[in-house]
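The values are calculated or read from the model by the stated rules, or taken from the named source; none is laboratory data. Fair warning: this is a prediction, and the values are worked out from it, not measured in the lab. Neighbour counts run over all protein chains shown; Cβ positions are idealised from the backbone, glycine included. Note: accessible area is taken over every heavy atom of the protein model, side chains too, but ligands, DNA and RNA are not part of it. Shrake-Rupley method; radii C 1.70, N 1.55, O 1.52, S 1.80 Å.
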There are 2 protein chains.
Amino acid sequence: MRRISSCVLAVIALACALSAATPKEAADRWRAAHEQQILKEFTDLLAIPNVASDKNNIRRNADTLVEMLRRRHVEAKMLFSTDANPVVYGERKTPGAKHTIVFYAHYDGQPVTPEDWETKAPFSPVPKEVNGEPRIFARSASDDKAAIIAQLAALDALDAAKVPLKANLRFVWEGEEEAGSPNLGRILAEHKDDVGGDVWLICDGPVDQSGKQSVVFGARGITSLEITVFGAHRELHSGHYGNWAPNPAMMLAKLLAGMKDDNGRVLIPHFYDGIAPLSETEKKAIQDAPKNEELLREDLWLAGTEGGGRPLLELLNEPSLNIHGMTSARTGATATNVIPATATADIDIRLVKGLDWKTQQQRVADYITAQGYFVSEVPPMKNIFLVHPKVAFLKRGTDSYNAVRTSMDLSIAKQVIAAVESVRGPVVKLPTMGGSVPLEMIQNTLGTTMIIVPIANYDNNQHAANENIRLQNLWDGIETMAALEAME
Amino acid sequence: MRRISSCVLAVIALACALSAATPKEAADRWRAAHEQQILKEFTDLLAIPNVASDKNNIRRNADTLVEMLRRRHVEAKMLFSTDANPVVYGERKTPGAKHTIVFYAHYDGQPVTPEDWETKAPFSPVPKEVNGEPRIFARSASDDKAAIIAQLAALDALDAAKVPLKANLRFVWEGEEEAGSPNLGRILAEHKDDVGGDVWLICDGPVDQSGKQSVVFGARGITSLEITVFGAHRELHSGHYGNWAPNPAMMLAKLLAGMKDDNGRVLIPHFYDGIAPLSETEKKAIQDAPKNEELLREDLWLAGTEGGGRPLLELLNEPSLNIHGMTSARTGATATNVIPATATADIDIRLVKGLDWKTQQQRVADYITAQGYFVSEVPPMKNIFLVHPKVAFLKRGTDSYNAVRTSMDLSIAKQVIAAVESVRGPVVKLPTMGGSVPLEMIQNTLGTTMIIVPIANYDNNQHAANENIRLQNLWDGIETMAALEAME
């Protein structure tokens with residue numbers, strides 16, 4: 001009996017092995033049978049507001065995510081550190097595993113201005129067709145809750161199809177990414193044993209504009225500055241003082257105008273000094289990538305672009321300086337005939353490998369000084385204004401980090417590419433993404449390897465009103481995550 | 001009996017004449033005895049919101065003002081015209097009068113942004129001391145309800161002291177001045193017989209910064225433009241597109257920066273062409289006026305001014321170009337890392353005699369075109385954006401008018417100066433005020449003579465948050481109006 005039953009078990013095991021689903025099959029079957037369930041879980045999560053400064057709702061998100069992990073038999077908890085939004089952490093241990101794969105995503109979203117949204121309600125997810133295809137509109141639909149849902153649905157799919165896991169899986173979901181990850185380095189350092197791994201897969205950002213899946217080996221760094229310049233210390237009637245009292249809106253216009261040439265080249269001295277050159281492999285990868293400029297110009301209604309006609313991917317491997325907001329008094333219905341008292345510009349600076357964010361900030365500060373401004377880093381008072389005709393108040397962004405680029409020739413890099421290509425076909429390989437994720441502090445703290453596997457559609461209105469995810473990108477993302485979760 | 005009683009009456013009349021109060025005495029006595037009553041009427045009026053677009057409250061203001069006139073035995077009514085806010089009109093006829101004096105003021109106020117006010121409530125008047133002197137803070141406290149209260153209290157004072165009026169008095173109080181007086185010309189034309197007179201006294205604006213009473217013989221004209229420039233037709237992630245997609249905030253900065261030199265001189269071609277020169281009398285009046293630059297720089301916290309050090313009064317006799325608002329995406333707490341989709345600047349242009357507002361608008365439009373922009377005067381659509389790399393949407397302000405300057409040598413001009421000096425001592429005579437009042441359309445429609453007699457303190461935050469009137473200016477204003485109401 002004993003021998004017979006052993007034999008029977010062996011046959012059954014063989015049959016199972018023969019019929020074992022591939023990650024792609026597992027993902028596709030699960031999705032086909034559970035679309036509504038997946039969407040319900042997704043929209044319930046999107047309905048919880050998630051701006052990093054909204055501590056109560058951030059906690060509601062974290063509680064929900066811990067529950068979602070536990071329902072999948074993932075050991076889950078929150079990682080805390082003083083004043084930080086918690087990192088939601090999960091682990092599924094695999095007996096005999098040789099490797100640990102860490103899936104990073106973030107559950108916080110960009111700040112919202114509800115009146116700019118078509119729905120006026122960024123946290124009330126709504127389905128809507130775009131170009132005949134379904135999408136879900138809500139803050140963080142793409143950036144970055146879709147990645148979390150894809151990782152979880154992929155796990156459901158593998159479990160349901162009984163696809164055996166080979167590696168230990170870890171999930172690290174941050175709650176402050178859109179606020180610049182001010183505490184992530186500290187949390188990781190304090191929970192080093194939990195969160196380390198052979199590779200960190202950063203599941204954030206959009207795939208290639210062509211719609212092809214991309215795997216990205218780095219990200220630009222980021223820093224920011226807020227510049228305020230001043231006229232009189234109160235708004236003045238533009239008739240009684242116009243021509244005589246300085247106008248800070250005009251002063252700011254002149255200051256900003258001098259920062260770039262008409263081609264978008266930054267004119268701030270030394271801005272491009274120190275850039276690490278691309279390797280031959282990286283240059284080739286850029287050459288092989290799809291050329292999407294024509295598609296993008298049509299989609300974005302652009303007759304011309306910066307960079308003197310150079311391709312987007314080439315330009316993304318250079319540092320940038322971008323005015324992301326500019327305000328002085330009021331325009332439109334609430335405008336009044338005043339000489340404004342102040343004018344403010346918010347600027348973000350993207351960095352590539354070789355540049356340091358503090359140095360880039362200082363280069364801009366030095367430029368402002370060179371334009372004749374007294375630069376103050378505390379709110380300037382009357383005594384300053386009475387002495388200096390041009391005063392700038394500079395706030396340096398502290399939520400800043402440098403760029404990272406992982407070599408495409410590492411064996412783990414090749415494994416990740418192979419896994420993703422097993423479900424999604426040939427992928428676009430890029431040395432860097434244009435956006436920024438806090439790779440540097442993770443790499444420095446954990447000594448791990450960073451690779452970015454995004455899933456969102458490129459036209460997702462990330463960071464703006466009417467953010468959305470194309471549903472097909474979510475479905476494709478489940479396949480991709482299943483393949484990565486099943487890696488050795 | 002008949003002869004005796006005639007004689008008695010003659011004696012009484014003589015006694016009255018001998019003891020008759022001067023306008024100054026009448027005003028001072030009335031004010032001393034009725035301060036609280038005057039302030040109650042004033043603050044009740046200020047508590048009625050008066051933004052020109054707020055039709056219901058505008059009507060409440062007008063109803064109240066008609067009642068206030070009737071209580072003074074002034075025949076009062078509203079003058080209507082299609083879609084216009086009513087002009088409140090009052091007339092006190094004087095038997096045997098040879099002249100008619102018209103007192104103009106306006107009861108509407110500038111738009112408000114309550115959160116910018118210290119009180120958060122622009123229509124809840126509050127008393128507050130500034131430099132040890134009482135002021136009232138509320139929208140229109142200075143601009144221009146104080147003038148209305150001064151005219152009415154002066155009439156009360158003359159009546160109480162039985163000072164006989166010599167001229168017919170008319171009161172014309174407009175309800176759309178801060179909206180650019182779009183309908184005043186039409187209303188005046190339609191009610192020409194009611195509103196004409198030998199002289200129109202414009203009771204609006206601040207007195208000289210030195211605190212001295214001023215009489216002003218003209219005002220700058222005004223026109224406005226709103227310029228919007230465009231990047232991609234939606235906001236873009238500054239990381240994924242920064243360096244490549246055009247940034248409209250930077251485009252606007254460059255466009256605006258080219259409009260003026262560092263001294264505030266306008267660089268738009270032909271901007272100064274056609275200016276009517278000042279007469280010798282006018283030049284002398286400017287030379288004789290107080291020099292307030294030092295006081296103003298200290299008060300406004302300004303180490304430097306535009307115009308290369310030239311005096312304010314000289315510069316006010318030149319046209320100006322002022323950015324009164326500038327907006328692109330968001331700054332501060334709601335800022336996000338986007339490339340903005342649009343950037344907008346609202347500009348006002350002040351005109352001096354000899355310039356035409358339509359010509360000045362066109363000069364700016366031509367300048368924008370010369371900078372390589374396709375200038376559209378309707379909201380541009382996709383087909384425009386796909387062809388033109390630089391597109392500007394230009395809204396021309398229609399609530400515009402030209403400058404007016406009345407000769408200081410007219411006999412009515414001399415009478416007005418004498419009347420004001422009888423109560424307020426030597427006055428500052430100015431050929432023009434920096435601000436704008438719709439003198440041109442009044443002059444053109446009625447063929448009358450325009451003279452401005454302001455009463456407000458210069459530091460009244462007119463057109464801005466925390467508008468206020470220094471109470472002493474209201475009291476002085478009652479004296480001034482009493483002297484003018486008692487003119488022949």
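Points to keep in mind about this one:
- Condition met for B:Phe271 (in contact with a Pro (Cβ under 7 Å, 6 or more places away or on another chain), at the interface with chain A (Cβ under 9 Å from one of its Cβ atoms) and at pLDDT 95 or above): no
- Flag if B:Glu488 is surrounded by fewer than 24 Cβ atoms within 10 Å (Cβ to Cβ) and either under 14 Å from the mean Cα position of the chain (by Cα) or of a type in the set (Phe, Trp, Tyr) (or both): no
- Test result for B:Asn383, modelled with pLDDT under 95 and out of contact with any Leu (no Cβ under 9 Å at 6 or more places or on another chain): no
- Scope segment B:361-383; condition hydroxyl-bearing (Ser, Thr, Tyr) and open to solvent by 30 Å² or more (accessible area, probe 1.4 Å); matching residues: B:Thr369
- Given (1) open to solvent by 60 Å² or more (accessible area, probe 1.4 Å); (2) in the same structural domain as A:His106 (by TED's automatic domain parsing); (3) of a type in the set (Asp, Glu), index of the condition A:Glu440 fails: (1)
- Filter result for the condition that a residue is open to solvent by 10 Å² or more (accessible area, probe 1.4 Å) and facing another protein chain (nearest Cβ under 9 Å), over A:Leu315, A:Leu386, A:Leu410: A:Leu386
- Restricting the first member to segment A:293-310 and to residues that are acidic (Asp, Glu), and the second to residues that are in a helix (DSSP H, G or I) and surrounded by 14 or more Cβ atoms within 10 Å (Cβ to Cβ), the beta-carbon pairs closer than 8 Å and six or more apart or on different chains are A:Glu293/A:Leu312; A:Glu306/A:Leu315.
- Taking residues in segment B:378-390 that are in the same structural domain as B:Thr344 (by TED's automatic domain parsing), and partners anywhere that are assigned to a helix (DSSP H, G or I), the pairs with Cβ atoms closer than 7 Å and at least 6 places apart or on different chains are B:Lys390/B:Met251.
- Residues that are in contact with a helix residue (DSSP H, G or I) (Cβ under 7 Å, 6 or more places away or on another chain) and in a strand (DSSP E or B), drawn from segment A:249-276: A:Lys260
- Matching residues, segment B:111-160, being more than 30 Å from A:Val338 (Cα to Cα) and open to solvent by 10 Å² or more (accessible area, probe 1.4 Å): B:Asp156, B:Asp159, B:Ala160
- Note on segment B:194-248: residues that are farther than 26 Å from B:Thr398 by Cα, outside any loop (DSSP other than H, G, I, E, B) and outside the structural domain of B:Thr342 (by TED's automatic domain parsing) total 4.
- Segment B:253-265 - residue that is more than 7 Å from chain A (Cβ to nearest Cβ) and open to solvent by less than 10 Å² (accessible area, probe 1.4 Å) and, of those, farthest from B:Thr336 (Cα to Cα): B:Met259
- Scanning segment B:330-337 finds no residues that are among the β-branched types (Val, Ile, Thr), within 14 Å of chain A (Cβ to nearest Cβ) and over 23 Å from B:Tyr241 (Cβ atoms).
- Selected residue (criterion: nearest to A:Thr223 (Cα to Cα)) from residues of segment A:313-323 that are of a type in the set (A, V, I, L, M, F, W, C) and either modelled with pLDDT of 95 or more or in contact with a Gly (Cβ under 6 Å, 6 or more places away or on another chain) (or both): A:Leu321
- First in segment B:161-187 and surrounded by fewer than 24 Cβ atoms within 10 Å (Cβ to Cβ), second anywhere and in a helix (DSSP H, G or I) and of a type outside the set (Val, Ile, Thr), Cβ under 6 Å, 6 or more apart: B:Ala161/B:Ala26; B:Val163/B:Ala26; B:Gly185/B:Met441
- Residues located in segment B:188-231, provided they are open to solvent by 20 Å² or more (accessible area, probe 1.4 Å), among the small types (Gly, Ala, Ser) and in contact with an Asp or Glu (Cβ under 6 Å, 6 or more places away or on another chain): B:Ser224
- A count restricted to segment B:326-346 and to residues that are crowded, with 24+ Cβ neighbours inside 10 Å and either in a strand (DSSP E or B) or in contact with a Leu (Cβ under 7 Å, 6 or more places away or on another chain) (or both) stands at 9.
- A:Leu446 being surrounded by 24 or more Cβ atoms within 10 Å (Cβ to Cβ) and either farther than 16 Å from A:Pro206 by Cβ or within 14 Å of chain B (Cβ to nearest Cβ) (or both): no
- Residues of segment B:285-307 that turn out to be touching a Phe, Trp or Tyr at 6+ places or on another chain (Cβ under 9 Å) and not in a helix (DSSP H, G or I), as a count: 7
- The lone exception for B:Ala303 - which of (1) under 24 Å from B:Ile222 (Cβ atoms); (2) modelled with pLDDT of 95 or more; (3) at the interface with chain A (Cβ under 8 Å from one of its Cβ atoms) it fails: (1)
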